[in-house]
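Down below is the structure, laid out as structure tokens.
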Amino acid sequence: MSGSWGSRKPARRGGSDRPRIAVTAGDPRGIGPEIAAALLRTDELRGAADWVLVGPEGVLEADEVEDAGATLVTVGRWDDAVDGAERRAGLLAGAAVERAARMALDGEVDGLVTAPLSKAALSAAGYAWPGHTELLRELSGVPEVTMIMGAEETPLGGPLRMAFLTGHVPLREVTGRLEVDLVTRRTRIAARALREWWGIGRPRVAFAGVNPHASEGGLLGDEEDRILAPALELLASDLDLEVDGIHPADTVFRRCLDGTVDAVVVPYHDVGLAVLKTIALERGINVTAGLPFPRTSPDHGTAFDIAGRGVADPSSMIEAAGMCVRFCRSVRPVAP
């Protein structure tokens with residue numbers, strides 16, 4: 001596994017009407033290769049970008065990819081009969097992410113779309129990071145990223161966007177990780193992405209409370225008063241950001257759905273994703289804000305139980321690819 005390539009500066013063509021975008025195949029045992037192939041067959045996407053599919057031989061065949069007008073970059077070969085399949089799957093999935101990230105950092109592609117991988121397989125392969133978000137941060141050499149998940153269209157209105165203060169950590173560790181500086185840093189990273197990638201000039205953000213009823217004035221916890229309130233005071237001085245305040249987590253998402261705010265900052269993983277995946281699973285996407293290139297992915301996992309049966313729904317992958325095209329078109333060119 002390679003180290004960080006953060007010293008390299010991407011020579012992106014950003015702003016191009018037809019960007020070049022890498023798509024990783026994900027875990028070869030899951031639905032990643034299927035949904036990656038499906039996006040290549042989507043007429044609207046085929047003409048929107050030059051696609052480069054990155055993954056192992058055995059699940060991706062050059063003639064199929066080329067027939068879709070795309071390019072195939074291989075990283076080893078997958079064989080269902082290989083002993084220690086989980087470790088091998090993790091090695092190949094991780095290698096594809098590393099290769100695609102290198103391409104983005106070297107300016108060979110403008111953005112990155114990642115199909116789902118298995119955190120267990122990644123760990124079995126010796127990777128120290130629990131998922132794409134952390135791995136891409138390390139490979140890119142950036143000090144911090146913020147995970148943004150959402151859907152631009154939902155059955156209840158929309159759009160729904162949320163930025164996470166903590167990611168893949170045990171719930172018992174969340175309150176110990178929350179601090180004023182972390183809240184301000186990650187909110188500013190998310191706000192910058194909303195400005196530069198979504199094109200929202202002055203993003204409006206609301207904050208979900210950590211405790212029930214946002215602590216009910218301190219009766220149910222002190223994180224709101226001790227951490228969130230001081231952070232919001234600092235953020236309120238940002239001229240390119242509008243702070244909407246702290247709200248109970250069981251009502252705050254309505255503010256995004258009705259257009260009162262552009263995004264909700266949430267304290268931990270499931271308080272946001274339970275809402276998103278309930279109302280917009282097929283349209284939900286994941287965005288890593290803070291990287292030197294746009295990266296998107298679907299909001300679901302590997303779905304091993306249905307892989308290879310031809311029933312996987314590629315909607316979220318297609319949505320993620322479409323948003324990556326949009327983001328790449330909005331990025332201003334930077335010097336190599």
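Looking only at segment 11-21, decide whether some residue is within 20 Å of Ala121 (Cβ to Cβ), of a type outside the set (S, T, N, Q) and modelled with pLDDT under 95. Within segment 11-21 (the criterion being within 20 Å of Ala121 (Cβ to Cβ), of a type outside the set (S, T, N, Q) and modelled with pLDDT under 95), the answer is no, since none of the residues qualifies. Screening the candidates Pro130, Pro143 for the property of being closer than 23 Å to Pro292 by Cα, surrounded by fewer than 23 Cβ atoms within 10 Å (Cβ to Cβ) and touching a residue at least 12 places away in the same chain (Cβ under 8 Å) yields one hit, Pro130.
In segment 31-59, the residues that are under 23 Å from Glu108 (Cα atoms) reach residues that are polar (S, T, N, Q) with C-beta atoms within less than 6 angstrom, at least six apart or across chains, in these pairs: Val52/Thr71; Val54/Thr24; Glu57/Thr74. With the condition kept exactly as written, say whether any residue in segment 196-215 is without any contact (Cβ under 8 Å) to a residue 40 or more places away in the chain, of a type in the set (Asp, Glu) and surrounded by fewer than 18 Cβ atoms within 10 Å (Cβ to Cβ). Among the residues of segment 196-215, not one is without any contact (Cβ under 8 Å) to a residue 40 or more places away in the chain, of a type in the set (Asp, Glu) and surrounded by fewer than 18 Cβ atoms within 10 Å (Cβ to Cβ), which makes the answer no. Scanning segment 220-258 for residues that are farther than 20 Å from Val271 by Cα, over 24 Å from the mean Cα position of the chain (by Cα), modelled with pLDDT under 95 and not small (Gly, Ala, Ser) gives Asp238, Leu239.
For every residue, the table says whether it meets (1) in contact with a helix residue (DSSP H, G or I) (Cβ under 6 Å, 6 or more places away or on another chain); (2) among the hydrophobic types (A, V, I, L, M, F, W, C); (3) more than 18 Å from Gly301 (Cα to Cα); (4) in a loop (DSSP other than H, G, I, E, B).
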| site | (1), (2), (3), (4) |
| --- | --- |
| Leu45 | yes, yes, yes, no |
| Glu66 | no, no, yes, no |
| Ala100 | no, yes, yes, no |
| Gly107 | no, no, yes, yes |
| Ala128 | no, yes, yes, yes |
| Leu139 | yes, yes, yes, no |
| Ile148 | yes, yes, no, no |
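The residue that is farthest from Ile318 (Cα to Cα), among those in segment 150-182 that are in a loop (DSSP other than H, G, I, E, B) and in contact with a His (Cβ under 9 Å, 6 or more places away or on another chain), is Val169. Do you know which residues across segment 15-34 are assigned to a helix (DSSP H, G or I) and either touching a strand residue (DSSP E or B) at 6+ places or on another chain (Cβ under 7 Å) or not assigned by TED's automatic domain parsing to the domain that holds Leu136 (or both)? Answer for segment 15-34, where residues must be assigned to a helix (DSSP H, G or I) and either touching a strand residue (DSSP E or B) at 6+ places or on another chain (Cβ under 7 Å) or not assigned by TED's automatic domain parsing to the domain that holds Leu136 (or both): just Pro33. Taken as a whole, the structure places Arg8 among residues that are at pLDDT below 95 and under 22 Å from the mean Cα position of the chain (by Cα). Within segment 72-91, not a single residue is within 18 Å of Ile21 (Cα to Cα), assigned to a helix (DSSP H, G or I) and either assigned by TED's automatic domain parsing to the domain that holds Lys119 or basic (Lys, Arg) (or both).
The single condition among (1) outside the structural domain of Thr187 (by TED's automatic domain parsing); (2) more than 17 Å from the chain's Cα centre (by Cα) that Arg172 does not meet is (1).
Among residues that are under 18 Å from Leu228 (Cβ atoms) and surrounded by fewer than 18 Cβ atoms within 10 Å (Cβ to Cβ), Leu182 is included.
Every condition in (1) among the small types (Gly, Ala, Ser); (2) outside the structural domain of Cys324 (by TED's automatic domain parsing); (3) surrounded by 13 or more Cβ atoms within 10 Å (Cβ to Cβ) holds for Ala125 except the one numbered (2). Only a single item in (1) under 30 Å from Arg102 (Cα atoms); (2) modelled with pLDDT of 95 or more; (3) not basic (Lys, Arg) is not met by Val169, and it is number (2).
Filter segment 226-241 for residues that are of a type in the set (A, V, I, L, M) and either touching a His at 6+ places or on another chain (Cβ under 9 Å) or not in a loop (DSSP other than H, G, I, E, B) (or both) and give the result. The answer is Ile227, Leu228, Ala229, Ala231, Leu232, Leu234, Leu235.
The values are calculated or read from the model by the stated rules, or taken from the named source; none is laboratory data. Treat the numbers as computed from the prediction; the structure is a model and nothing was measured. Note: ideal-geometry Cβ built from the backbone for every residue, glycine included; neighbour counts use all protein chains shown.
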